[in-house]
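These notes are about the structure you will find just below.
The values are calculated or read from the model by the stated rules, or taken from the named source; none is laboratory data. Small disclaimer: the values here were computed from a predicted structure and weren't measured. Here the Cβ positions follow ideal geometry from the backbone for every residue, glycine too, while neighbour counts run over all protein chains shown.
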Amino acid sequence: MRLGSFFAELALLTSAGAFGEEAAIKPEEVLTAEDEAIATKIWQTHVPQSGQSLTVEGELIRAVEKLRDEAQRNGNGNRDKEHVILVDYLADTLAKDAVFTELQQTRICNITHQLRQNDLVELDDEPYDYLMSRIVEYYKKYGSQPREINPDLWR
């Protein structure tokens with residue numbers, strides 16, 4: 001059962017003028033074919049078949065796809081504290097980074113806040129694709145970065 005959508009709320013906020021004229025999603029903020037190709041390459045080279053990635057970009061993409069899969073395939077039926085760890089990793093890594101505008105940081109925070117909610121099953125691809133575009137943007141800025149395995153995360 002779908003209980004809400006970040007983009008529906010964003011549309012309401014935008015129409016009410018909460019974010020101003022700049023709030024409309026710009027073409028460069030959507031998942032382009034180039035971004036998708038880069039994300040696929042990261043997935044193929046930095047995301048293992050099981051377990052965590054040893055790179056920041058690989059783990060970010062793995063987190064988005066784990067969350068998308070759990071919501072869309074299972075309706076969050078198997079959701080647990082480890083899914084929250086994945087959401088927190090996305091928020092902690094992306095939302096505070098200077099590579100993004102203030103509006104982009106706000107959107108990342110809003111999306112991750114929505115994904116953190118236990119009663120929300122986000123079936124739309126839009127929030128996941130938005131995060132994926134930001135991950136590719138982050139990767140373009142910083143390149144491949146090593147990361148430590150989180151001992152609390154088994155998914």
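Some notes on this structure:
- Reported count of residues in segment 45-57, each being in contact with a Pro (Cβ under 8 Å, 6 or more places away or on another chain) and part of a helix (DSSP H, G or I), is 1.
- If you go through segment 79-102 and keep only what is hydrophobic (A, V, I, L, M, F, W, C) and touching a residue at least 60 places away in the same chain (Cβ under 8 Å), you end up with Ile85, Leu86.
- Of the residues making up segment 64-83, those that are over 21 Å from Trp43 (Cα atoms) and either touching a Pro at 6+ places or on another chain (Cβ under 9 Å) or in a helix (DSSP H, G or I) (or both) number 2.
- Of residues in segment 48-95 being among the basic types (Lys, Arg) and farther than 18 Å from Glu36 by Cα, the one modelled with the lowest pLDDT: Arg79
- Extreme residue, farthest from Tyr130 (Cα to Cα), among residues of segment 67-78 that are touching a residue at least 24 places away in the same chain (Cβ under 8 Å) and crowded, with 16+ Cβ neighbours inside 10 Å: Asn76
- Any hit, segment 126-137, residues being of a type in the set (Gly, Ala, Ser), closer than 21 Å to Ala39 by Cα, modelled with pLDDT under 95 and crowded, with 18+ Cβ neighbours inside 10 Å: no
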